[in-house]
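Nothing in this text is a laboratory measurement; each read-out follows from the coordinates by a stated rule. Because the structure is predicted, anything quoted here is derived from the model rather than measured. Methodologically, a virtual Cβ is constructed for each residue, glycine included, from the backbone with ideal geometry; neighbour enumeration extends over all protein chains shown.
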Amino acid sequence: MQSAHRMVQSQSNPFAEAFSSSLPLPSILDPDFADALRHVLDNPGSLVRPRLVFQMATAYGMDRVAAQDLAIALEYFHTASLLFDDLPCMDDAQVRRGVPCTHVLFGEEGAILSALALINRAYALLWSAVAACPRARQQQALTFVEQSLGVGGLLNGQSLDLHFKKLPRTRETVERIAMGKTVSLIWLTLALPAMLGGAGARELQQIKRISTLWGLSYQIVDDLKDVRQSAVQSGKTPARDALLGRPNIAEAIGVRGAVQRLTRLIDLGDAVLLRLLASRPELGFLERLRDELQLEMARVRREALALAEKGEL
């Protein structure tokens, strides 16, 4: 029977049901493993990412079934990365998406196996989506996925994050890590569906540029949240960056410096978005994403600067 929590999410977000049902749990599954996976699948977060993937894919003419497979695949990759990120050997977080982390309830082994299950299923869904597209685009897309998630992308960003204490505590270092950990996943969210849909080289360049600017912006917002919010406000364990000596741009260049950098990134993104929409107006939904980022930025900026004025940051 579907849990009440999942039913509410399914009604409010059309991707909630797909997130929970796209990883079938066979009857032979070990009960402890099944419980860990259900915990993950029942708590998918806001699901903004799959909505964007689906919108990008269909805007470029991808089949809706393939677009949904792609959307859930990328969300599974993202969720798996969070399961690993929260482990005691990484950030040792206790709360994620407003609920206890998987390793807290089911042990490190439960979290690791759940992450691997998500990755395995993500590749199956990804291959299904890619196979539905013209052959000429397939290799480019698969190479892009490997570059974004592999040793030169997400994995390298995570390793740099873990060894930040050995690196210069500069804005450049923090943003280099964010490029691997955060921007690589946003590249996949926006650029991969456009690539599979046949976007030209110039459009792909613009989309990747926007992804970079917005990805760095989201990371700054997240860094500012980490230094000032409680777990109830953020939905995850706060203040881990300072405690563990991890990269945080507000720690590296100060709150005011982080706010100025955030404003600059948003302004640069606006200029690129304007040019992109002039040639591809069907991507107008990206303006809503930008507006949501602007609202979140304004709120976090206001609260962070207020605390800085009081000397609390």
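A Cβ-based charge dipole, computed about the Cα centre of the chain with Lys and Arg at +1 and Asp and Glu at -1, lands at about 920 debye.
The modelled label-to-label distance between ASP42 and ILE28, using points 7 Å beyond Cα along the C-beta direction, is 2.6 nm. Taking θ as phi - 60° and the Karplus parameters 6.51, -1.76 and 1.60, the scalar couplings of region 84-90 work out to 5, 4, 7, 4, x, 6, 10 Hz in sequence order, x denoting glycine and proline. Dimensions of region 85-156 based on its C-alpha atoms, expressed as ranges along the principal axes with the largest first, amount to 45, 23, 21 Å. Only Cα pairs under 8 Å and 6+ residues apart enter the sum, and on that basis the relative contact order of the chain stands at 17 percent.
When the Kirkwood radius is taken over all Cα pairs of region 55-111, what Stokes-Einstein diffusion coefficient follows at 37 °C and 0.692 mPa s, in µm²/s? After rounding, the answer is 255 µm²/s. Gain on full extension, evaluated as 0.36 nm per residue between SER128 and ASP270 minus their Cα-Cα distance, stands at 47.7 nm.
So if the hydrodynamic radius of region 1-123 is defined as the Kirkwood radius over C-alpha pairs, what does Stokes-Einstein give as its diffusion coefficient at 4 °C and 1.567 mPa s, in µm² per second? Once the numbers are plugged in, D ends up at 88 µm²/s.
Highest mean packing comes first when the peptides 264-270, 179-185 are listed by Cβ atoms within 10 Å, giving 179-185, 264-270.
In the chain, helical runs assigned H by DSSP with n ≥ 4 each contribute -39500 (n - 2.57); averaged across all residues and rounded to the nearest 500, the mean residue ellipticity at 222 nm is -24000 deg cm²/dmol. Close amide-amide hydrogen proximity is noted between ARG96 and CYS101, each under 5 Å apart and 5 or more residues distant or on a separate chain (H modeled in the peptide plane; Pro and chain starts excluded).
Taking a straight Cα-Cα cut-off under 15 Å and skipping sequence neighbours fewer than 8 places away in the same chain, the aspartates and glutamates within cross-link reach of LYS208 are ASP270. Scanning residues 5 or more positions from LEU47 or on other chains, none has an amide H under 5 Å from its amide H, with H placed 1.01 Å from N in the peptide plane. When peptides 247-256, 281-290 are sorted by average Cβ neighbour count within 10 Å, with the highest value leading, the order is 247-256, 281-290.
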